[in-house]
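Notes follow once the structure below has been shown.
The values are calculated or read from the model by the stated rules, or taken from the named source; none is laboratory data. Please read these numbers as outputs of a predicted model, since none were measured by experiment. Heads up, the Cβs are rebuilt from the backbone with ideal geometry, glycines too, and the neighbour counts pull from every protein chain shown.
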Amino acid sequence: MEYLIVFLPLIGAIISVFFGNKFGSKYSELLTSILVGISAILSLIVFFNVIYHNYESNIIVAKWIYSGNLQVNWSIKIDALSSVMLVVVTLVSSLVHVYSIGYMSHDPHKPRFMAYLSLFTFSMLALVTSDNFLQLFFGWEGVGVCSYFLIGFWFKKESANAAAIKAFLVNRVGDFGFALGIFLIFYIFGTVNYDEVFTQIPPIANEKINFLNLNIGSVDLICFLLFIGAMGKSAQFILHTWLPDAMEGPTPVSALIHAATMVTAGVFLVVRCSPIYEYSPSILTFITFIGMITALFAASVAVVQNDIKKIIAYSTCSQLGYMFFATGVGAYNIAMFHLFTHAFFKALLFLGSGSVIHSFNNQQDINQMGGVWKKIPLTYFLMIIGTLALTGFPLLSGFYSKDAIIEFAYLHGTSVGYMAAIVGIFTAFLTSIYSWRLIFKTFHGKYNNKDIEINKIHESPYVMTVPLIVLAIGSIVVGFVFKNLFLDFDNFWKNSIFLLNPLSQEHPPFWFLILTPTLVTLSIPISYLIFIKYSKVSDYLAESNKPLYLFLKNKWYFDEVYEYSIINPCKKIGSYFWRGVDGLVIDKFGPDGISKLIKIFSLKAVKFQSGYIYQYAFIMLLGFSLILTILIIN
Amino acid sequence: MNFPIISSLIILPIVGTIFLFFIKSNEKNTSIKYVALFISLSNLILSLYLWYIFDNTNPSFQFVENRQWILGLINYKVGIDGISILFVILTTFIVPLCVLSVNYTIKYRLKDFLIAILIMESLMIGVFCSLDLVVFYLFFEGGLIPMFLIIGIWGGSRRVYSAFKFFLYTLLGSVLMLVAIISIYWISGTTDVTKLYEIGIDQKYQNLLWLAFFSSFAVKTPMWPVHTWLPDAHVEAPTAGSVLLAAILLKMAGYGFIRFSLGLFPVASEYFTPLIFILSVIAIIYTSLVALMQEDMKKLIAYSSVAHMGFVTLGIFTITQQGIEGSIFQMISHGLISAALFLCVGVVYDRNHTRLIKDYGGLVSIMPKYAIVFMIFTLGAVGLPGTTGFIGEFLILMGTFQKSFITAVIASLGVILSAAYMLWLYKRVVFGNLIKDNLKKLVDLSKNEIFILWSLALPTVFFGFYPELLFKTIDVSITNFLEMYEFNINTYLSNKQ
């Protein structure tokens, strides 16, 4: 069964890419969707098996790399953690497959698109079911390259190509850290299998290592390097720049890869490595800070963006920040809970926005929308559900997971924890503001689009709305239904998450509990007033705080800084090395120089062969007398 | 003595050239091509049979042939072990593909070209099999001549300059190696490699001898800063020549480093490891940056070859199991991938007669099959997991990390850069809008090209997922080799005290 879950998507991808054009795109759409669908059903079965029967297994599929003491297998490991990820990945993936049939209906390259989606699903499954770091890395880069393919899917668009390369390269920077982490793990433990590494962690917890003249704890260093990888993949502060640009890809891709699954791989990595991270409190604090900064930063930028997908992308970035600071304060299970609920409502929001974009004929600017809620009521309704769930409105799924994160940060009892809680609450408020801004500007107010008449705005076909409805149901119920499961260490998580100190069982004070929901609820009328009713207020705010507004609008100028500090110097050095060093130094003094010297000398030597007998005779005479002289002297 | 299978492998292509020589060339040259193909294919089958009967568990040399050659001085001695067998198979695998690929590239004197290729095959198999230093030297240097001719006769507009640059560089390095081989004979009284392994070479001469061998291998690898012949040679060489050069000729040096530098001069190798590390790391970063700025596709791939070979030298001198196995794997992988990339460039060059990147763009719209294979090899060069490129690079870096953190960290940066230049190249050539008119009438891959490129693509992917098949072959030999190395170093250290 596990084999089927992992390999059905791969089979679908292979058939679709090689035979898609022969059989017609309809077949490859159906085939890939059905195969991933089966995989999703089987994953659910496995998930319930894990819940009710404590199912666990670790299948060795084949040998991969056996070199000396490095021994790595292809494996399928099933435990509580990977079963949760299996469900998230296959479920969202199958819904996205179905949705794409409708969304991509006008595209000539459908088989290729479906093949990429399925291939991505396979890589992601290989990532989550690995029992060692190397297969994890395989999946890690595999999803990266699929994301590269899918962002650049519309290969004629210059911006899409640039975004695809940017995504791949920024991820490579993360992978650079990740790979070093794996090297270090192998260097210290002589193995890269999770179980063998994890059991060896406690004895070396206090050992130091000399790395590049820094004397640091080896566990700290491992954690830090692995976390760089996680930062790249999960678009955390400093390495986040690729995610908003990645929105150049088709919307189903954004929903699947850049919201529900791939970007959460970083969180998964940290949770999977909880037996290592638990022994490195300093890096956990570092993670908390990065998570906090990301959450706040992304939310602040999201408030002023006008591209509907970019707003949601920054929102994803921000929510990933939440997940990271949850792991930072030791609430790994809550991070997973938020990952789980987030997959539903964020996929819903993306696919919903896709439906809006579809209705507006590929218009993404929310200033070009407005007042259409009566025209596309179903999409409107579903987007509202998604927004409520995202903002953590009481009783919807985001409420349970996000509030739990804030609570556990508070209960952590350290100053970092309190800080995280405050940032969490403030970010929740910002989240609510920008989410409702999106809803109001898109669906309410005046109709602002000049290209399309309002009457031509139409609802999307069923093949697109049905997946949305499934996701909406998920967004409403999963928080409530699975709340206890995700808190349950004794019967559910067991060994898959390791805690040095058990999580606090206390409850925060009542005023703290109702603080976030109140803010979230209050923000609905606030944003309605600011952005719709008295929209001059928002303009005035933007105008009066121009520097701040521009700073946010330009995403804190990260792209520009990278452009000037890294990319341009690299190019300059490259051409200097090429033309300057290779051409002017090495060649000039090397081969060209030598051959020139030889030429000069031989030109001189040529003069000896003048062809005049008297010159030759003279030289001979000279030589003869020289030898004679020497002999005589001796 | 049993059937001399190794000598047969070496001689078969040369015998084939005699047949070729007497064939009358008709209009379309088909008969010549078929004969050359037949010969190279039978050699491939023979080498695969050799692989089949090769004993994985035996660490010593197998199928050894030892004949007296120059009385009492030099023996013709050949044999293989786990280290060399894969290179032999790589050679016999690449050559038939080269023969197949000449359809479009070689416009004149096809017969002579095929003869040159086959002679080259003989010599290169000889390099990987010889167990006597003099025999090795003859094969190693002999390989220069056909390559010199291939570049000089069938090359592009600056072919003569490039051919001479190639010849000068490599010959200068090799002269020192010849001197070293002669002095080894004076010091140890033999040039038989297995005997030298046993008796060892006096430590006080090792450093000098190591440097002499190094000067030859470094040029051929090529290592920074003696790499400048490679881009020129590649740019001017015809496609099949570039393929041979990148896939096999460069590997002779890597092989030489393992077999001779490490094997004969362990103490010196240990001493010079920092030098190799520094040069390799410079090669990786420096040439990657240079590759980033190239305007000519072939030059870009040539520079990327230097960077990839930088990983190889790095891995070899980590002197760890992972490092050396990774290096061998990287060489096989680079043999497949760089060969394929040069063929990919050749495909569009044959159609459009330019190699400048800016003359292309949007090829995917009219050449989708080409886009797929080119993508596979691009990803292979990037070192994506699931291709052979990943396994080589990753193992090398893993090995390096055990010896020197800083080296591994800097070298790993090369992995980011390789992604940058390869993906940027691909984007500019294949993606984008098809605007240029002369590109609009290009035709997609022919059956012949599809066959050639996919026969390189399949092993690239297959061995990426299941490298065990290759590791099984080399594992025991490398383990044994390292034990011998450790033993030598330890004796040296204990003698010193």
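Hey, can you tell me all the residues within region A:133-155 that are facing chain B (nearest Cβ under 8 Å) and more than 29 Å from residue A:197 (Cα to Cα)?
If the condition is that a residue be facing chain B (nearest Cβ under 8 Å) and more than 29 Å from residue A:197 (Cα to Cα), then A:148, A:152, A:155 are the ones that fit.
May I ask you to list the residues in region B:179-193 that are under 25 Å from the mean Cα position of the chain (by Cα), part of a helix (DSSP H, G or I) and crowded, with 17+ Cβ neighbours inside 10 Å?
B:180, B:181, B:193, listed by residue number.
Looking only at region A:57-104, count how many residues are outside any helix (DSSP H, G or I) and aliphatic (A, V, I, L, M).
10
With within 21 Å of residue A:263 (Cα to Cα), more than 14 Å from chain B (Cβ to nearest Cβ) and touching a Pro at 6+ places or on another chain (Cβ under 6 Å) as the only criterion, which of A:95, A:81 stands out?
So the residue among A:95, A:81 that is within 21 Å of residue A:263 (Cα to Cα), more than 14 Å from chain B (Cβ to nearest Cβ) and touching a Pro at 6+ places or on another chain (Cβ under 6 Å) is A:95.
Looking at (1) more than 10 Å from chain B (Cβ to nearest Cβ); (2) surrounded by fewer than 24 Cβ atoms within 10 Å (Cβ to Cβ); (3) over 22 Å from residue A:232 (Cβ atoms), which is the only condition residue A:111 fails?
Of everything listed in (1) more than 10 Å from chain B (Cβ to nearest Cβ); (2) surrounded by fewer than 24 Cβ atoms within 10 Å (Cβ to Cβ); (3) over 22 Å from residue A:232 (Cβ atoms), residue A:111 misses just condition (2).
Does residue B:452 meet the test of being surrounded by fewer than 21 Cβ atoms within 10 Å (Cβ to Cβ), over 22 Å from residue B:280 (Cβ atoms) and either in contact with a Phe, Trp or Tyr (Cβ under 7 Å, 6 or more places away or on another chain) or more than 8 Å from every other protein chain (Cβ to nearest Cβ) (or both)?
no
Taking the conditions exactly as written (of a type in the set (Gly, Ala, Ser), in a helix (DSSP H, G or I), modelled with pLDDT of 85 or more and under 20 Å from residue B:243 (Cβ atoms)), does residue B:162 satisfy them or not?
For residue B:162, the condition - of a type in the set (Gly, Ala, Ser), in a helix (DSSP H, G or I), modelled with pLDDT of 85 or more and under 20 Å from residue B:243 (Cβ atoms) - is not met.
Look at region B:417-449 and say how many of its residues are in a helix (DSSP H, G or I) and more than 13 Å from every other protein chain (Cβ to nearest Cβ).
Of the residues in that region, 6 qualify.
What are the residues in region A:191-219 that are under 26 Å from residue A:77 (Cα atoms) and either among the acidic types (Asp, Glu) or within 10 Å of another protein chain (Cβ to nearest Cβ) (or both), if any?
A:192, A:195, A:196
Read through the list (1) without any contact (Cβ under 8 Å) to a residue 40 or more places away in the chain; (2) on the phi > 0 side of the Ramachandran plot, then give the number of the only condition that residue B:437 fails.
So residue B:437 meets the others, but not (2).
Could you say which residue among A:567, A:532, A:524, A:573 is aliphatic (A, V, I, L, M), within 14 Å of another protein chain (Cβ to nearest Cβ) and touching a helix residue (DSSP H, G or I) at 6+ places or on another chain (Cβ under 6 Å)?
Checking each option against the conditions leaves just A:573.
Checking residue A:420 against (1) hydrophobic (A, V, I, L, M, F, W, C); (2) farther than 26 Å from residue A:525 by Cβ; (3) surrounded by fewer than 16 Cβ atoms within 10 Å (Cβ to Cβ), which single condition isn't satisfied?
If we test residue A:420 against (1) hydrophobic (A, V, I, L, M, F, W, C); (2) farther than 26 Å from residue A:525 by Cβ; (3) surrounded by fewer than 16 Cβ atoms within 10 Å (Cβ to Cβ), just (3) comes out false.
Among the residues of region B:195-229, write down those that are of a type in the set (A, V, I, L, M) and either within 26 Å of residue A:580 (Cα to Cα) or within 18 Å of the chain's Cα centre (by Cα) (or both).
B:218, B:219, B:223, B:226
How many residues, within region B:398-434, are under 24 Å from the mean Cα position of the chain (by Cα), without any contact (Cβ under 8 Å) to a residue 40 or more places away in the chain and under 22 Å from residue A:216 (Cα atoms)?
Of the residues in region B:398-434, 2 are under 24 Å from the mean Cα position of the chain (by Cα), without any contact (Cβ under 8 Å) to a residue 40 or more places away in the chain and under 22 Å from residue A:216 (Cα atoms).
Name the helices (runs of 4 or more DSSP H) wholly within region A:105-206 that hold at least 3 residues that are touching a residue at least 40 places away in the same chain (Cβ under 8 Å) and more than 15 Å from residue A:226 (Cα to Cα)?
A:110-128, A:133-151, A:158-189
Can you name the condition, by its number, that residue A:102 falls short on among (1) surrounded by 24 or more Cβ atoms within 10 Å (Cβ to Cβ); (2) among the small types (Gly, Ala, Ser); (3) at pLDDT below 90; (4) under 21 Å from residue A:255 (Cβ atoms)?
(1)
How many residues does region B:378-416 hold that are more than 7 Å from chain A (Cβ to nearest Cβ) and not in a helix (DSSP H, G or I)?
Residues in region B:378-416 being more than 7 Å from chain A (Cβ to nearest Cβ) and not in a helix (DSSP H, G or I): 3 in total.
Among the residues of region A:496-531, how many are assigned to a helix (DSSP H, G or I) and either surrounded by 13 or more Cβ atoms within 10 Å (Cβ to Cβ) or of a type in the set (Val, Ile, Thr) (or both)?
19
Can you name every residue in region B:76-134 that is of a type in the set (Asp, Glu) and part of a helix (DSSP H, G or I)?
B:112, B:121
For residues that are surrounded by fewer than 21 Cβ atoms within 10 Å (Cβ to Cβ) and among the β-branched types (Val, Ile, Thr), scanning just region A:1-15, find the one that is nearest to residue A:44 (Cα to Cα).
The extreme case among them is A:11.
Picking from A:40, A:62, which residue would you name as being within 14 Å of chain B (Cβ to nearest Cβ) and within 20 Å of residue A:119 (Cβ to Cβ)?
A:62
Provide a single number: the residues in region A:18-36 that are surrounded by fewer than 19 Cβ atoms within 10 Å (Cβ to Cβ) and part of a helix (DSSP H, G or I).
So the answer is 9.
Out of the residues in region A:576-608 that are surrounded by 12 or more Cβ atoms within 10 Å (Cβ to Cβ) and among the hydroxyl-bearing types (Ser, Thr, Tyr), state the one that is nearest to the other protein chains (Cβ to nearest Cβ).
A:595
Consider only pairs whose beta carbons are under 9 Å apart and that are at least six residues apart or on different chains; among these, list those whose first residue lies in region B:445-467 and is over 18 Å from residue B:346 (Cβ atoms) and whose second residue is in a loop (DSSP other than H, G, I, E, B) and of a type outside the set (Lys, Arg).
That search, which allows pairs on different chains as well, returns B:461/B:386; B:464/B:384; B:464/B:386; B:465/B:386.
For residue A:158, indicate whether it is under 19 Å from residue B:433 (Cα atoms) and facing chain B (nearest Cβ under 8 Å).
yes
Filter region B:355-368 for residues that are part of a helix (DSSP H, G or I) and within 11 Å of chain A (Cβ to nearest Cβ) and give the result.
If the condition is that a residue be part of a helix (DSSP H, G or I) and within 11 Å of chain A (Cβ to nearest Cβ), then B:363, B:364, B:365, B:368 are the ones that fit.
Would you confirm whether any residue within region B:90-98 is β-branched (Val, Ile, Thr) and surrounded by fewer than 23 Cβ atoms within 10 Å (Cβ to Cβ)?
No, every residue in region B:90-98 fails to be β-branched (Val, Ile, Thr) and surrounded by fewer than 23 Cβ atoms within 10 Å (Cβ to Cβ).
In this structure, does residue B:462 turn out to be in a helix (DSSP H, G or I), away from chain A (no Cβ under 12 Å) and over 26 Å from the mean Cα position of the chain (by Cα)?
no
Need a quick list: helices (runs of 4 or more DSSP H) entirely within region A:243-305 having at least 3 residues that are within 16 Å of residue A:320 (Cα to Cα).
A:265-272, A:281-302
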